[in-house]
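The values are calculated or read from the model by the stated rules, or taken from the named source; none is laboratory data. Predicted model only: the values in this text are computed from it and were never measured. Please note: Cβ atoms are built from the backbone with ideal geometry, for glycine as well, and neighbour counts cover all protein chains shown.
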């Protein structure tokens, strides 16, 4: 059963503003306009704030990931340029070690025995790859031996 409500507008200016809005939006009459606008407002108020800002949050997260990736690429370029002599050896070692780890061909102990790098270089390369997110870390694989190197 339909219910009626009374609505009083303050003055002619407010009436004209509402009338223009009604005509611009294509409402047939004031009743349709008021019902539609009130229902939309009620629906918006029911929507949690988290849902309404989700697109913004996703954009910020994407920009953050892109910034991190760009910073990582800049670090790789800086290291590969040879400006940091000690670090470029670590970079070269990381390039040789990464395929072996990703293909599960060798353990860290086997890499240490196979490749001609000292423990500090191997450890630096592994740390670099972890920091760049190229490999994950498992503490048991990074245990130190008695000499302080990687087991």
> When both residues are 6+ apart or on different chains and their Cβ atoms are under 6 Å apart, which pairs have a first residue that lies in segment 115-126 and is in a loop (DSSP other than H, G, I, E, B), and a second that is surrounded by 15 or more Cβ atoms within 10 Å (Cβ to Cβ)?
Replying inline: 117/93
>> Here are the criteria: (1) surrounded by 10 or more Cβ atoms within 10 Å (Cβ to Cβ); (2) modelled with pLDDT of 85 or more. Tell me which single one residue 42 does not satisfy.
In response: (1)
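Output the residue which, of all residues in segment 127-151 that are part of a helix (DSSP H, G or I), modelled with pLDDT under 75 and in contact with a helix residue (DSSP H, G or I) (Cβ under 9 Å, 6 or more places away or on another chain), is nearest to residue 89 (Cα to Cα). Give the derivation first.
First pass over segment 127-151, keeping only residues part of a helix (DSSP H, G or I): 127-131, 139-142.
Adding the requirement that they be modelled with pLDDT under 75 leaves 139-142.
From what's left, in contact with a helix residue (DSSP H, G or I) (Cβ under 9 Å, 6 or more places away or on another chain): 141-142.
Working: 141: 22, 142: 20 Å.
Result: 142.
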> at pLDDT 90 or above and farther than 30 Å from residue 133 by Cβ: does that describe residue 25?
Replying inline: yes
> Do you know which residues across segment 1-39 are within 44 Å of the chain's Cα centre (by Cα), part of a loop (DSSP other than H, G, I, E, B) and loosely packed, with under 10 Cβ neighbours inside 10 Å?
Replying inline: 26
> Which of the following residues is closer than 30 Å to residue 126 by Cα and at pLDDT 85 or above: 9, 63, 115, 98?
Replying inline: 63
